[in-house]
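A short worksheet on the structure shown next.
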Amino acid sequence: MMSTKDKDIYCNGDTIWTHDKVFGECTIEDYSASKSEITPAKIFTLHEKGFNYLLNGEISINNEKHYQVDMTPTNKKKPYYKVRLAVSKKKNHISRMIMMLRSADISVSVNNQKENTSIANSSFRFDPAAKKIPVVESNHKKIEKYI
């Protein structure tokens, strides 16, 4: 789940639910990944190819020392021109990624990282009843798939 001040977005790989907290609406659509899309899983492998790297010093996040790494894509047609990582010196984990787009920056913070953890499928679905969220309207744009 990705959460902003106004929206919660859930995706299970087939369906995407966008819950507008302001208007109490949920839009349900088919999910189709693009090749250039950065998913939460790709955050941890993004650096493996297609970038030039620059170790850009050290920063402190929550009183913890981090390396700051700037990555510029070798393919200049990417929708972003730079990705800045904060890598914990203590844990050697990515704790923040800032993707610098031509129009805005997107920042993702990783508060906790656990490997080989089982996560329930329900974590990737929007279920207002289970979360006691009042939803005024649900807009179904999903195309049903028949076998």
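Can you list residues whose amide H is under 5 Å from Lys7's amide H, if they're 5+ apart or on another chain and H is modeled 1.01 Å from N?
Under 5 Å from the amide H of Lys7 lie the amide H atoms of Lys21, each far enough along the sequence or on another chain.
Quick one: what are the phi-derived ³J(HN,Hα) couplings along the stretch 112-128, Karplus 6.51/-1.76/1.60 with θ = phi - 60°, whole Hz, x for glycine and proline?
Running phi through 6.51 cos²θ - 1.76 cosθ + 1.60 with θ = phi - 60° gives 8, 10, 10, 9, 6, 9, 7, 10, 5, 4, 5, 5, 9, 10, 8, 10, x Hz.
What is the gain in length, in nm to one decimal, between Thr72 and Phe124 on full extension, counting 0.36 nm per residue of separation less the C-alpha to C-alpha distance?
15.6 nm
Please return the longest stretch of the chain lacking exposed loop sites, where GluC sites (Glu not before Pro) count only if DSSP places them in a loop and at most 12 other Cβ atoms lie within 10 Å.
My reading of the result: 38-114 is the longest stretch.
Using the Cα gyration tensor of the chain, with a ≥ b ≥ c the square roots of its eigenvalues, what is the shape: rounded (a/c below 1.5), prolate (a/b larger than b/c) or oblate (neither)?
It is prolate, given that a/c is not under 1.5 and a/b is the larger ratio.
Each value in this text was obtained by applying a stated rule to the coordinates, not by laboratory testing. Everything numeric in this text was worked out from a predicted model, so none of it was measured. All Cβ positions, even for glycine, are placed from backbone atoms using ideal geometry, and neighbour counts span all protein chains on display.
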